[in-house]
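Notes to accompany the following structure.
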Amino acid sequence: MQCFTKAGFCQGEKLAANADLSAVAKARGIDFFLVAFVDLRGVLRTKMVPSSAIKQIQRDGAGFAPAATWLDFGPHAADLLVMPDASTLLQVPFSPELAVVMGDCFIEGKEVAQSPRAVLKAQIAEAQKRGYVLKSGVEAEFFILSAQNDSISDERDIQSKPCYDAQSMMRRYALLADIVKTLNACDFGVYQTDHEDANGQFEINWHYRDCLTTADQHVFFKWAVKTLAERHGFRATFMPRPFSNLSGNGCHIHCSLWSGEKNVFEGKESISDLALQFLGGVLAKAPSFCAVTNPTVNSYKRLNGAATASGYTWSPNRVSWSGNNRSHMVRVPDNDRFELRLADGAVLELLGVHMVHEKQTATHYSRVYSKISTFYGWQVNPYLLPALMMACGFWGIDTKADPAKCSFPADVNMYEIPDGSPKLEGIASLPRNLIDATRALESDKDLSALLGADFMRAFIKLQKLEWADFSAHLSTWELMQTLDC
Ligand code: ADP
Ligand code: MG
Ligand code: MG
Ligand code: MG
Ligand code: MG
C-alpha cells in the first residue's frame, strides 16, 4: 500500500508564529488544520478546524474542556483555549489537504503554567537569559504490531539478535519508506532507519535542532508513525516494555548547548568543563526526575528489567556514565554532546485492565492480550524531557556539580557489576517502580523550584492517581501465585 501521495512535496519557508494561516491555506491547498497540544500524560489532543474558520481560531483560540484532558483541572474550570503557533505548521505530505499546528494553552487569558510546552518554554527563556540554546536529538524507538495489537506484526522476525536485520526491515519497507519520506518532506533531515534490538522494533534518526523544534517534531513523529502504521494495516507502539522477553522502547536524548554558532559543550578530548557541570546536574537529579522521564507503571519493567532474548536490555539500572559505552545511563559518544539513555517512549497503556504478557512456547516472543480496547497515551513527554535537561543542567552549572563520582572507565560493562559490589559505592540506583519514583520527585525541593510549583503539583497528583489505579487492579500474576495458597 502506498500512502505517500505527493512526490517532491515541499513545506516552503518556516512561518512566523502569527502568520496568517487563512492565506497559507489558500496558497498551499490546505482544507483542514489539526490545532493540537500535548497534555501531561503526553496525549496529543486536537481540534480539526476547516480553513474557513482558522482566522477566527487564530484570534480566539480552539476551545477544550480542560478537565477532559490530563492537565489537572476540575469540571468547573473555564475553557482551555489553544492558540496556534503558526511557526510549527506542517502540511501532512500523505494527506496534503491537512496540516498540523501545535498550540499553546491559555485559560482566561493566562498561559497554563503546567502545560508541557509552557514548562519547556520557561526553561528556554532561562537558557536565553544565560545566552544559550539547548539543541537536542531524540531516538524514539517503536514496535510495529499487528492491527489487533496482540503480537509483533511480522511472524518471520524471530532471530534472537535481530538488530539491523535486512530481511525483517524489507518486510516493513513500504511503511518505513512512507514514514521517512513524510518526515523528510517536513524538513526533518532523516539520515538513517534501522531494525532495532527487539523483534518488530525500529528506529528512525533525524537531525538535531533547537530543543523546542525537536520537541514539536517528536510529537509530529509519533503521530505520523502511528497514523501511517494504521494506514498500512498495522499498529505502532512506543510503550516502554510491551514484551517481557524483548528489549523495550527507549527514547534517548542527545544534548549540546550553544552560544550563537559555538557549541559550548565541545571540549578537546571529551566534553568541556561546562558540559561536565551540566551533566553533573543531570546525574545528581536523575533519581528524582525519573518519574518524568519514565512516567508509567510499565516503564519500570524496562529500567532494572530482566535480560532479553538479545542478551541486553540496553537500558540503565544505575546513575553512571562513561565514554562511548552503552551500558551506562549517560553515554558521551563524542567530544561535543552527551546522551541520556534513561527515558522511554511510553505511549500505549491499558486503562484499568489486565495486560497479560504470556510467554509462548512455539515462538520466542510474547503476545499481549487486552481485555478491553480502550487505550490512552502516556509517554515520556517530548516537552518535559528537554525541559528537565535544562533545569537540571543549569542547576548543575550554578552548583558546580561534579559528575566524577559517577564516572566509570570506558571499558566497564555496567550490566556485569552485581548489586552490593564495592565498585558501586556512592553510585545511586534508579527507582524500582512508579510510586518510589514519584515520591523521590515530590521530595526534591530543587526540582519544584526549577520546574515550577504548578507543574509539580499537577504532575505528582496525576502520578499518584495512576499508581492508585494500578494498585486497585488485580493481575493474572497475583492470581497465579496466590489462588491455591
Ligand atoms: P546512537 O544510536 O548512536 O545513540 P543515533 O544516530 O541513533 O545515535 O542518534 C543520534 C541523535 O543525536 C540524532 O538525533 C542526532 O541528530 C543527534 N545529535 C548528533 N549530534 C548532536 C549534537 N551535537 N547535539 C545534539 N544532538 C546531536
Ligand atoms: Mg461541545
Ligand atoms: Mg540510535
Ligand atoms: Mg536505539
Ligand atoms: Mg542512543
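With a cut-off of at least 3 residues that are away from ligand 3 (no atom under 16 Å from the Cβ) and within 29 Å of Leu71 (Cα to Cα), name the helices (runs of 4 or more DSSP H) lying wholly within the stretch 106-217.
Per the criteria, 116-129.
Given (1) under 28 Å from Gly131 (Cα atoms); (2) part of a loop (DSSP other than H, G, I, E, B); (3) of a type outside the set (A, V, I, L, M); (4) at pLDDT below 95, where does Gly248 come up short, assuming only one miss?
Of (1) under 28 Å from Gly131 (Cα atoms); (2) part of a loop (DSSP other than H, G, I, E, B); (3) of a type outside the set (A, V, I, L, M); (4) at pLDDT below 95, only one is false for Gly248: (1).
Tell me yes or no: at least one residue of the stretch 174-185 is out of contact with any Leu (no Cβ under 8 Å at 6 or more places or on another chain), at positive phi and not charged (D, E, K, R).
no
Would you point out the residue of the stretch 83-114, among those that are in contact (Cβ under 8 Å) with a residue 40 or more places away in the chain and among the charged types (D, E, K, R), that is surrounded by the fewest Cβ atoms within 10 Å (Cβ to Cβ)?
Glu97
Filter the stretch 181-198 for residues that are within 29 Å of Leu246 (Cα to Cα) and aliphatic (A, V, I, L, M); which is nearest to ligand 1 (Cβ to nearest atom)?
Among those that are within 29 Å of Leu246 (Cα to Cα) and aliphatic (A, V, I, L, M), it is Val190.
When the stretch 40-82 is examined, which residues are found to be in a loop (DSSP other than H, G, I, E, B), touching a helix residue (DSSP H, G or I) at 6+ places or on another chain (Cβ under 7 Å) and in contact (Cβ under 8 Å) with a residue 40 or more places away in the chain?
Result: Leu40, Arg41, Trp70, Leu71, Asp72.
Would you confirm whether or not the stretch 139-146 contains a residue that is surrounded by fewer than 21 Cβ atoms within 10 Å (Cβ to Cβ) and in contact with a strand residue (DSSP E or B) (Cβ under 9 Å, 6 or more places away or on another chain)?
Yes.
Of the residues Ala391, Ala404, Ala437, which single one is loosely packed, with under 14 Cβ neighbours inside 10 Å, part of a helix (DSSP H, G or I) and in contact with a helix residue (DSSP H, G or I) (Cβ under 9 Å, 6 or more places away or on another chain)?
On inspection, the qualifying residue turns out to be Ala404.
Take the residues in the stretch 230-245 that are crowded, with 24+ Cβ neighbours inside 10 Å and either aromatic (Phe, Trp, Tyr) or assigned to a helix (DSSP H, G or I) (or both); name whichever of them is modelled with the highest pLDDT.
If we take residues in the stretch 230-245 being crowded, with 24+ Cβ neighbours inside 10 Å and either aromatic (Phe, Trp, Tyr) or assigned to a helix (DSSP H, G or I) (or both), then Phe238 is modelled with the highest pLDDT.
The values are calculated or read from the model by the stated rules, or taken from the named source; none is laboratory data. Everything numeric in this text was worked out from a predicted model, so none of it was measured. Here Cβ is always computed from backbone atoms with ideal geometry, including for glycine, and neighbour counts include all displayed protein chains.
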